[in-house]
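For reference, the structure is listed below as structure tokens.
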Amino acid sequence: MSTDKNRKELLRKLSRNLMVSVPMMTVVAVAGFNAGSGSPLGLIPSAEAAQGEAEGEAKGEAEGEAKGEAEGSAKGEGEAEGKAEGEAEGEAEGEAEGEAEGEGVSASLKKAVRRPEGYTPYQGNVADLRAQGEKLFNDTSLSSNGLSCATCHANGAGYNATFKNEYPHTVAMGQRDFGMDMVHLDEMVQICMVAPMAAEPLGWGSEELAALTEYSRVEQKKFIDKQ
Ligand code: HEC
């Protein structure tokens, strides 16, 4: 039925991949060649990533084709039909993989940990917020799984080196699981609320969020001083 369409689509994709790959290889080669003379090294990772993607797509299609051919001949069907099946499979697999990559955390949770538009944090006395935050940090009733923040973070445990950086900054968990390149400290509190604590995010204007955020600043200072 759509054999012709599939084939055209495949050819279109392959030629597009080739067009992408060639300039990318050139960029990598040029960047590599100039590496000693102060060229912008930032080009290399993004070029490699783009090329990797293009190769990945091409590989999915090629595998699909090979598989389809084998199935086709095993069943004693015509080669043409076998190939068509392979192409269709290859594309379907590629798409499924692409979707699966972004899964894990739902879109609504990803949104819930980002500062909402027009957000004004709760304003209060800093010393009071810190004292309240320290209590909440040790409060297991905040989570749905019996953990408190301190279960993982007592005595400065569980943090990565990024915690030393001024906010907003990149945090691996935020980037990997929530697709955020930068996180503010209150967003980090919300990330730990919904992911490791398996709880609802705190209200954005709430005193609790302000308190945990303030107390996390104390934690950050201790973390920096300890290094
Ligand atoms: C099950 C363990 C666990 C619990 C419970 C937990 N966290 Fe975390 N938290 C982590 C891990 C793991 C990281 C390191 C994430 C990374 O660097 O990718 C982290 C990182 C952080 C960071 C620093 C991120 C940075 O590098 O800037 C803050 C702040 C933080 N957590 C606050 C909290 C607060 C507040 C709570 C309680 C509401 C909490 N965490 C509960 C595991 C936990």
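The values are calculated or read from the model by the stated rules, or taken from the named source; none is laboratory data. Bear in mind the structure is a predicted one, so any value in this text is a computation, not a measurement. Don't worry about glycine lacking a Cβ; one is built from the backbone with ideal geometry, like all the others, and counts go over all protein chains shown. Just so you know, the surface numbers come from the protein's heavy atoms only, side chains and all, with ligands and any DNA or RNA stripped out. Shrake-Rupley method; radii C 1.70, N 1.55, O 1.52, S 1.80 Å.
For the reader, a short list of remarks on this structure follows.
- The number of residues in region 155-172 being in contact with a strand residue (DSSP E or B) (Cβ under 7 Å, 6 or more places away or on another chain) and more than 8 Å from the ligand (Cβ to nearest atom) comes to 1.
- Subset of region 170-223 that is open to solvent by 40 Å² or more (accessible area, probe 1.4 Å) and among the polar types (S, T, N, Q) - its residue that is farthest from residue 121 (Cα to Cα): 175
- Out of 161, 157, sole residue that is open to solvent by less than 50 Å² (accessible area, probe 1.4 Å) and either small (Gly, Ala, Ser) or farther than 26 Å from residue 108 by Cβ (or both): 157
- Subset tally (residues that are under 24 Å from the mean Cα position of the chain (by Cα) and either part of a helix (DSSP H, G or I) or surrounded by 17 or more Cβ atoms within 10 Å (Cβ to Cβ) (or both)) for region 109-132: 6
Yes/no per residue for (1) at pLDDT below 95; (2) closer than 22 Å to residue 129 by Cα; (3) more than 10 Å from the ligand (Cβ to nearest atom):
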{"residue": "174", "(1), (2), (3)": "no, no, no"}
{"residue": "178", "(1), (2), (3)": "no, no, yes"}
{"residue": "186", "(1), (2), (3)": "no, yes, no"}
{"residue": "191", "(1), (2), (3)": "no, yes, no"}
{"residue": "208", "(1), (2), (3)": "no, yes, no"}
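- Test: residue 180 is of a type outside the set (Ser, Thr, Tyr) and touching a Gly at 6+ places or on another chain (Cβ under 8 Å): yes
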